[in-house]
Amino acid sequence: MASKNEIRMSFPSNSENVGIARITAAAFASQLDLTISDIEEIKVAVSEAITNAVIHGYGAGEGEIEFTLMLDGDRLEFVVADHGKGIADIEQARQPSFSTDPDRMGLGFVFMESFMDEVVVESAVGTGTTVRMVKRLAAQPAH
């Protein structure tokens, strides 16, 4: 098992690239002794973050998405960044069922927070959004 590893990739904000990021995350996560369920959860969380960048970050426009995957011991970190519209109210965006697109369910952040041990969102309107998600091999229960 590798104790440290990092991959950086960038790709156009095409919805077709969500699947590529998802498979890349699964392959990267397999470096740790995770369950199939853990890997499936990582795939869903990454898919949601990338999809948010495509749909909400750039909308009908085009842009680049930066995807970084890091392994440090028993800690996996996935960072998804766009340089799109940004989020005006991060707390509101993280609420279940909130979406700026009426055709969407608004559960992306809910899935990310449910499946990852830590989710940090940084955003500025007109500048873009960065979502940092952490998954630990042995998650500590909250007290």
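Of note:
- Residues of segment 96-135 satisfying the condition of being modelled with pLDDT of 90 or more, in a loop (DSSP other than H, G, I, E, B) and of a type in the set (S, T, N, Q): THR127
- Complete set of residues in segment 2-31 that are in a helix (DSSP H, G or I) and either of a type outside the set (Gly, Ala, Ser) or free of Cβ contacts under 8 Å to residues at least 40 places away in the same chain (or both): ASN17, VAL18, GLY19, ILE20, ARG22, ILE23, THR24, ALA26, ALA27, PHE28
- Condition met for ASN14 (surrounded by 18 or more Cβ atoms within 10 Å (Cβ to Cβ) and out of contact with any Asp or Glu (no Cβ under 6 Å at 6 or more places or on another chain)): no
- Test for ALA93: is it surrounded by fewer than 20 Cβ atoms within 10 Å (Cβ to Cβ), modelled with pLDDT under 95 and among the hydrophobic types (A, V, I, L, M, F, W, C): yes
- Residue match in segment 37-56 (condition: more than 20 Å from GLU113 (Cβ to Cβ), surrounded by fewer than 16 Cβ atoms within 10 Å (Cβ to Cβ) and free of Cβ contacts under 8 Å to residues at least 24 places away in the same chain): no
- The test for being at pLDDT 95 or above, over 10 Å from the mean Cα position of the chain (by Cα) and over 17 Å from VAL134 (Cβ atoms) does not hold for ILE7.
The values are calculated or read from the model by the stated rules, or taken from the named source; none is laboratory data. What you see is a predicted model; the values in this text were computed from it and never measured. All Cβ positions, even for glycine, are placed from backbone atoms using ideal geometry, and neighbour counts span all protein chains on display.
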